[in-house]
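Chemist: Got a structure here, written out as C-alpha cells. Questions coming.
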Amino acid sequence: MKKQPMKRQQIVVKKKKNPNKRPPKERLRYQLSNCARNYLHALTNPFVQINGSDLPCIPDHIVLPSNKVQVTARGTFTVGTSGFGFVAADPYVGINNAGEFAGTTSSFPVLYTGATYTFPYVDIDVSGDDPAVGVFGANTNSPFNAAGPLLTSQMRVVGCGLRVRYSGTELYRGGTLALYRSQDNASPPTNPSLANLLQTPLSAMVPVTRGWHSVCYAPASLDDVSYRNFNSAYNANATGISHYSLIIAVQGPAVHTTQQTFDFEYVAYYEQIGASLQLSPSHSDPVGVGAIQAVTAMARLPDKPPEQNEQTFLSKIGQYLANGISGIADKAVSAAGNYAIRSLMKTGVQMLESAPPLLLTL
C-alpha cells in the first residue's frame, strides 16, 4: 500500500495596511449629451450633419419647442484683376432666401467676387442698390423669405460656417488666404485689405491649396443666443446694418489672376419660435452649453479639417469641465460618494462607467 504524500501546509502572511497610503485617484468621465454634441458640431463642423435628421438647437434654459432649419448656399468666386478676391458671409440672414441689394445695404447671406473685380481689398459697400463692380450675391435654399413666417416669428443662429477650396488649374494655383472671423459678429472696418483682416486675433493665414479652408461663427453676445425678430434685428433692408462677420479673402499671384477660381460653401442652422411653424421639442443642457460657449467664444479655429477641429474643441471642453466641475465632484466624493456625483451630473454632463464615443476622460 502506497503512502500518500504529506500535504504541505500553506502559511499565509497578511500584509499590514499602510494607513498613510492614498487611494487611487478616481478618474471622472464626462459625456456631452446628444443635444450638446449636436450644438458643438454646428459651431465647429457645420458642413456635415450628424445624427441623421436630428437638427441642432441651442440646449440652454430656453426649452420652448422650436422649428429647426438648415440652409446651404454654394457657388464659385474668382480673383479679380488686381489679384484680390473674397467671399463674405452674414450668419444671421441665411434663413431668408430672398436677399437683395437695396439702398445702401445688402441682405444677401453671401457676397463674392468675379473676374471683373478691381479693388485690392474687401468692398461690401452698396450705393444706390448697386454693389461694387464685380461683387455678386448668393441666396440659400431656405424655405422662408422676408415675408410670411419670418415677419411673425423670432429666430436665433445655432451655428454657421463658410469654407472655400481652390478649383482652378494647378498652373495658376498660388497666393495666400486670410480666414477672418469678426470678434463681435459685425462687418469689418471699411475696405479692409488682406493685412487688415489678418490683424484681428481670430484670423489665420494659410496658403492656397485644393483642400477645404473654413471659418465658423460663434456667439459673441446675449443677443446672439436670444430669440429676436428677424426684420427688426437682422434684415439689412430694414435695419440698414449688415453683419458680414465671416470672410475668406485671397491675394493671388501677380500674373494670371483672373484664372484663379474657388468653390465656396455656406451652411447655417437656425431655431424659430412662433405660429405657422413645424415645431419640435428642444432640449436643455446648461452645463454642456456653458462649456461649449466658453471654449468656442474666443477660440480661433486652427486650419485643420473640421472633423479635427471638433476633436480639438472636445479636448478643450474636457479641460474646462475639469476646472469648473470636477472640484465640486471631488468634494461630493468625500461627502457622499459616487451617488452624489451622479446626482450633480445627470442633466448635461454625465459620469459613466464605460467609454462610449465622444467621451472626455480626465
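Chemist: Of 117, 269, how do they rank once you tally other Cβ atoms within 10 Å and put the fewest first? Intermediate values should be presented prior to the final figure.
Modeler: Numbers: 117 25, 269 28.
If I rank by nearby Cβ atoms, fewest first, I get 117, 269.
Chemist: Here's a follow-up. Quick one: Karplus J couplings for the range 192-207, per residue in order, coefficients 6.51, -1.76, 1.60, θ = phi - 60°, nearest Hz, x for Gly and Pro?
Modeler: Using θ = phi - 60°, the values come out as x, 7, 4, 5, 5, 5, 7, 7, 7, x, 9, 9, 9, 10, 9, x Hz.
Chemist: Okay, next question. Which whole-number percent gives the relative contact order of the range 64-281, counting Cα pairs below 8 Å spaced six or more residues apart?
Modeler: Working: 615 pairs, mean separation 80.2, N = 218.
RCO, the range 64-281: 37 percent.
Chemist: Stretch residue 104-residue 116 to full length: gain in nm at 0.36 nm per residue minus the Cα-Cα span?
Modeler: 2.2 nm
Chemist: Summing +1 for each Lys or Arg and -1 for each Asp or Glu, what net charge is found among the other residues whose Cβ lies under 12 Å from the Cβ of residue 185?
Modeler: -3
Chemist: Also, quick follow-up: Rounded, prolate or oblate: which fits the range 64-281, taking a ≥ b ≥ c as square roots of the Cα gyration tensor eigenvalues, rounded meaning a/c under 1.5, else prolate when a/b beats b/c?
Modeler: Prolate shape, in that a/c is at least 1.5 and a/b is the bigger ratio.
Chemist: For residue 85, which sequence-distant residues (separation of 5 or more, or a different chain) have an amide H within less than 5 Å of its own amide H, given hydrogens modelled in the peptide plane?
Modeler: HN-HN under 5 Å from residue 85: 80, 250, 252.
Chemist: May I ask you to sort 116, 169 by Cβ crowding, counting other Cβ atoms within 10 Å and putting the fewest first?
Modeler: Exposure proxy ranking, most exposed first: 169, 116.
Chemist: At residue 170 and residue 280, where each label point lies 7 Å from the Cα along Cα→Cβ, what is the point-to-point distance in nanometres?
Modeler: Result: 4.3 nm between the two label points.
A short reminder: the numbers here are calculations on the coordinates, not readings from a lab. Computed from a predicted model, the values in this text were never measured in an experiment. Reconstructed Cβ throughout: ideal geometry from the backbone, glycine too, with neighbour counts over all protein chains shown.
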